1. Can you pull out every residue in segment 32-55 that is open to solvent by less than 50 Å² (accessible area, probe 1.4 Å) and at pLDDT 90 or above?
2. Give segment 133-149 a look and list any residue that's open to solvent by 20 Å² or more (accessible area, probe 1.4 Å) and aliphatic (A, V, I, L, M), or say none.
3. Which one is modelled with the highest pLDDT among residues in segment 56-106 that are β-branched (Val, Ile, Thr) and over 28 Å from residue 3 (Cβ atoms)?
4. Could we say that residue 128 is surrounded by 17 or more Cβ atoms within 10 Å (Cβ to Cβ) and among the small types (Gly, Ala, Ser) here?
5. Identify all residues within segment 163-172 that are open to solvent by 20 Å² or more (accessible area, probe 1.4 Å) and touching a residue at least 24 places away in the same chain (Cβ under 8 Å); write none if there are none.
6. Kindly establish whether residue 74 is among the β-branched types (Val, Ile, Thr), crowded, with 19+ Cβ neighbours inside 10 Å and over 18 Å from the mean Cα position of the chain (by Cα).
7. So which of 123, 107, 148, 167 ends up being in a helix (DSSP H, G or I), under 18 Å from the mean Cα position of the chain (by Cα) and not hydroxyl-bearing (Ser, Thr, Tyr)?
8. Tell me whether segment 131-146 contains one or more residues that are of a type in the set (Asp, Glu), more than 14 Å from residue 4 (Cα to Cα) and free of Cβ contacts under 8 Å to residues at least 40 places away in the same chain.
Amino acid sequence: SIIYKEIIQTKNISILNFYERRIRRILPVLLTVSISFLLLSYIYALPTPLWKAAESILASIFFLGNFYFFSEHISYGNDLSTLVPFLHTWSLSIEEQFYIVFPFIFFCIYKYLKKYLIHILIFALLISLFANNYASKSWITDLNNLSFYMFPLRGWEILSGCVLSIFEIKIKKKKIIL
């Protein structure tokens, strides 16, 4: 909604300002929690878990946690996953990957295919949803984990919010006109 409102009002978008707001919102808390966790782990944990914690924190800070946990073959929700520090940041990584790519795509669609914006977003949402559904029902563990950890297969969730926010903005705009 932030991107869409800005495009409507200014006919342009400051992607750098958008990224700056995202960074100021997320990184201070993530860094504080990460450093605190590392200090406590250093005091109370063995070297191997500390190294693994450092790896997962580093991946999380650069918004690559989902790739890291996928490459470690960690199935979210199994008993062992409760022992993996920063596993919960997989979703933050997906969200930030989306926000790295999406503003460019959104702006291009809005600029060149404005008439079909909502249709394209819904189409992308459905492709992501169906791909996720297919992969998540697979008996192949890696494909199943792929459906959980990878942005293209989880994009439908964020795209749902995008589509709803566009509808909300259009409805409010029509009410103002009336």
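The values are calculated or read from the model by the stated rules, or taken from the named source; none is laboratory data. All figures in this text were calculated on a predicted structure; none of them were measured in a lab. All Cβ positions, even for glycine, are placed from backbone atoms using ideal geometry, and neighbour counts span all protein chains on display. Accessible surface areas use protein heavy atoms only, side chains included; no ligands, DNA or RNA. Shrake-Rupley method; radii C 1.70, N 1.55, O 1.52, S 1.80 Å.
1. The one that is open to solvent by less than 50 Å² (accessible area, probe 1.4 Å) and at pLDDT 90 or above: 34.
2. Residues satisfying the conditions are 140, 143, 146.
3. Restricting to residues being β-branched (Val, Ile, Thr) and over 28 Å from residue 3 (Cβ atoms), the top hit is 57.
4. Criteria met by residue 128.
5. Across segment 163-172, the qualifying residues are 167, 168, 169.
6. Yes, satisfied.
7. Unique residue meeting the criteria: 148.
8. no
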